[in-house]
Amino acid sequence: MDERDREAQFNLELGRNIRRLRLDAGLVQAQLARMTGVSRASITNVEAGSQAPPPYRLARIAEALGVRVAELMPEISEIGQPPLTPSFANALASVMALADRQAEEGGHLGPG
């Protein structure tokens, strides 16, 4: 499996997690879209794994679903891959922690 396949599988699992949590919250795609400021088509694409949301959008989705960003993310084992290298895992954890913190504060999400 090459890097492109791993990314596609990761996005697919991310979308499945978002869909499951959306359904658990009793929301339809249009409601989640309104809550996050995107189109219903974008939510459809994210849930299908064909569109990866940027970190600030992940934070908005997590906030709308009442979960932390980390709860949206698939485990690497879910995509049949060995664990992340420590440097990449630390960088990803740092970005997700920042996104969670910004979403909790209701502040500006993103640079500038």
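The lone criterion from (1) surrounded by fewer than 17 Cβ atoms within 10 Å (Cβ to Cβ); (2) more than 25 Å from SER94 (Cα to Cα) left unmet by GLN51 is number (2). Say we look at region 21-38 and pick out the residues that are polar (S, T, N, Q) and under 16 Å from the mean Cα position of the chain (by Cα); which of these is farthest from GLY106 (Cα to Cα)? Going through the qualifying residues, I end up with GLN29. What pairs come out if I take residues in region 58-85 that are more than 18 Å from LEU98 (Cβ to Cβ) and of a type in the set (Lys, Arg) and pair them with residues that are at pLDDT 70 or above and in a loop (DSSP other than H, G, I, E, B) whose C-beta lies under 7 Å away, six or more apart or interchain? Going by the 7 Å Cβ cut-off, there are no qualifying pairs.
Scanning region 1-23 for residues that are without any contact (Cβ under 8 Å) to a residue 24 or more places away in the chain and under 14 Å from VAL67 (Cα atoms), we see that the one that is surrounded by the fewest Cβ atoms within 10 Å (Cβ to Cβ) is LEU23.
The set of residues in region 76-112 that are modelled with pLDDT of 70 or more, more than 22 Å from GLY37 (Cβ to Cβ) and surrounded by 10 or more Cβ atoms within 10 Å (Cβ to Cβ) comprises PHE88, ALA89, ASN90, ALA91, LEU92, ALA93, SER94, ALA97.
Among the listed residues ARG34, ARG20, ARG57, ARG6, which satisfies the condition of being in contact with a helix residue (DSSP H, G or I) (Cβ under 8 Å, 6 or more places away or on another chain) and either part of a loop (DSSP other than H, G, I, E, B) or farther than 19 Å from ALA89 by Cβ (or both)? Being in contact with a helix residue (DSSP H, G or I) (Cβ under 8 Å, 6 or more places away or on another chain) and either part of a loop (DSSP other than H, G, I, E, B) or farther than 19 Å from ALA89 by Cβ (or both) holds for just one of ARG34, ARG20, ARG57, ARG6, which is ARG57.
The values are calculated or read from the model by the stated rules, or taken from the named source; none is laboratory data. Quick caveat: nothing in here was measured; it's all calculated off a predicted structure. Neighbour counts run over all protein chains shown; Cβ positions are idealised from the backbone, glycine included.
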